[in-house]
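Bear in mind that the values in this text are calculations on the coordinates, not laboratory data. Just so we're clear, the structure is a prediction, and the values are computed from it rather than from any experiment. In this analysis, Cβ positions are derived from the backbone assuming ideal geometry, glycine residues included, and neighbour counts consider all displayed protein chains.
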Amino acid sequence: MKFIVEPSTLRGKAKIPGSKSNTTRAVVVATLAEGESIIRNPLPSWDCLSTVEVYKGYGAEVVSLDKDKWIIHGSSKNPTLPKDVLNTGNSGTTTYMAIATASLIGEGYTVITGDHQIRRRPSGPLLEAIKDLGGEAFSVRGNGSQPVVIRGPISGGKTKLPGINSQWLSPLLINTP
């Protein structure tokens, strides 16, 4: 059998499904940004909607959650102290992002929890990194898992994270001053 490939032009449109990781990170970045952010083709999964609810607690103004685009007005890297405990549901990415965002707030304490599975997931290395960077962070049960209490602001510096989980690094890269 012989295949012959000749150059040709491709025309048309393709709609790629939204990504949970990208949508979650986009909500976080939109909250920290100044002004209006438009997230196109978001994935409206439970985890992503959990992120939206958590970040409303940090002061994100959610203008629209349409099927094809979400519009969020950000806090200009000045998230507000939540009025209540933040519940991240079953979203590990949201949990770790919320912990790092809490470290930017210089007044009061932020309490973050999640469902029974999230309360078993380790956050100890991220909590230690926040302490290394000048914030306060501890696990209520002393086991490195949720619920956790965070107080900032972090001021920068040096820290180390084990390389076994990128979900601890991404929140620091997005949230650190």
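Amide H of S145: which non-local residues (sequence gap of 5 or more, or other chain) have their own amide H closer than 5 Å, using H built in the peptide plane?
S123
Hey, how many Å between the Cα centroid of segment 35-107 and the Cα centroid of segment 153-177?
19
At q = 0.11, 0.17 Å⁻¹, what is the log10 ratio I(q)/I(0) for the chain, with the Debye formula run over Cα points and no solvent?
Debye output, listed in q order: -0.47, -0.99.
How large is ³J(HN,Hα), in whole Hz, for each residue of segment 25-40 in order, when computed from phi with the Karplus curve 6.51 cos²θ - 1.76 cosθ + 1.60 and θ = phi - 60°, using x for Gly and Pro?
5, 5, 5, 5, 5, 4, 5, 7, 6, 8, x, 8, 10, 10, 9, 8
Between exposed GluC sites (Glu not before Pro) in the chain, where DSSP calls loop and at most 13 other Cβ atoms lie within 10 Å, what's the longest gap?
35-106
Give me the lysines in straight-line cross-link reach of K158: C-alpha distance below 29 Å, same-chain residues under 8 apart excluded.
Within the straight-line limit of under 29 Å, K158 reaches these lysines: K77, K131.
What's the ranking of 99-106, 118-125 by average number of surrounding C-beta atoms within 10 Å, highest first?
Averaged packing, sorted descending, gives the order 99-106, 118-125.
Dipole size in debye (nearest 20) for the chain around its Cα centre, Lys and Arg Cβ +1, Asp and Glu Cβ -1?
560
Once label points are set 7 Å from the Cα along Cα→Cβ at both V111 and T159, what is their separation, rounded to one decimal in nm?
The answer from the label model is 2.2 nm.
So what are the ³J(HN,Hα) numbers for segment 91-104, from phi and the Karplus equation (6.51, -1.76, 1.60; θ = phi - 60°), rounded to whole Hz, Gly and Pro as x?
9, x, 4, 4, 4, 5, 5, 5, 4, 5, 5, 4, 6, 8
Simple spin-label model, 7 Å along Cα-to-Cβ: S64 to K77 in nm?
The modelled label-to-label distance comes out at 2.9 nm.
What is the fewest-to-most order of V5, V54, V29 by other Cβ atoms lying within 10 Å of their Cβ?
Ascending number of Cβ neighbours within 10 Å: V5, V29, V54.
Given Cα pairs under 8 Å that are at least 6 residues apart, what percent is the relative contact order of the chain?
17
Work out the FRET efficiency for N22 and M1 from their Cβ-Cβ distance, taking R0 = 30 Å, and round it to the nearest 0.05.
The calculated FRET efficiency here is 0.15.
Exposure proxy check: T23, T95 ranked by fewest other beta carbons within 10 Å?
Fewest-to-most ranking of T23, T95: T23, T95.
Which value at 222 nm does the chain reach when only helices count, each DSSP H run of 4 or more adding -39,500 (n - 2.57), with the total divided by all residues and rounded to the nearest 500 deg cm²/dmol?
Calculated at 222 nm, the ellipticity per residue is -9500 deg cm²/dmol.
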